[in-house]
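The values are calculated or read from the model by the stated rules, or taken from the named source; none is laboratory data. Please read these numbers as outputs of a predicted model, since none were measured by experiment. Every residue, glycine as well, gets a Cβ built from its backbone with ideal geometry; the counts of neighbours run over all protein chains shown. Heads up: the accessible areas ignore ligands, DNA and RNA and are worked out on the full protein's heavy atoms, side chains in. Shrake-Rupley method; radii C 1.70, N 1.55, O 1.52, S 1.80 Å.
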Amino acid sequence: MKNEEWDDVTMEVYDVYGKVVRSVVETCHGTSLQTRINVSGLAEGMYFVRVTTEAGMVTKTFVKR
C-alpha cells in the first residue's frame with residue numbers, strides 16, 4: 001500500500017524542438033521539494049521544464065545564458 005504522504009516528482013527539461021535533454025525523478029515527502037537540475041552542459045537558449053506529480057503537471061520556460 002502506498003503511503004499517501006510520499007509522491008514521485010518527475011522533472012524533464014525539453015529543448016525548443018521538444019526533445020528531452022534532462023530528466024530527474026525524485027520522491028518527496030509532504031508538500032515541499034527543492035532540487036537542482038544541472039544544465040551546465042546545455043547550449044545557450046530557451047528551454048522548458050515540466051514538473052509532473054500525481055496532483056498534476058506544470059510547464060515553465062527558462063533561458064540558459
Checklist (1) within 18 Å of Val9 (Cα to Cα); (2) open to solvent by less than 90 Å² (accessible area, probe 1.4 Å) applied to Val25, failing item: (2)
Single unsatisfied condition, Thr61 versus (1) touching a residue at least 24 places away in the same chain (Cβ under 8 Å); (2) more than 9 Å from the chain's Cα centre (by Cα): (1)
Top-ranked residue of the range 28-45 - restricted to ones that are modelled with pLDDT of 90 or more, among the aliphatic types (A, V, I, L, M) and within 16 Å of the chain's Cα centre (by Cα), ranked as least open to solvent (accessible area, probe 1.4 Å): Leu42
Given (1) at pLDDT 95 or above; (2) outside any strand (DSSP E or B), index of the condition Glu4 fails: (1)
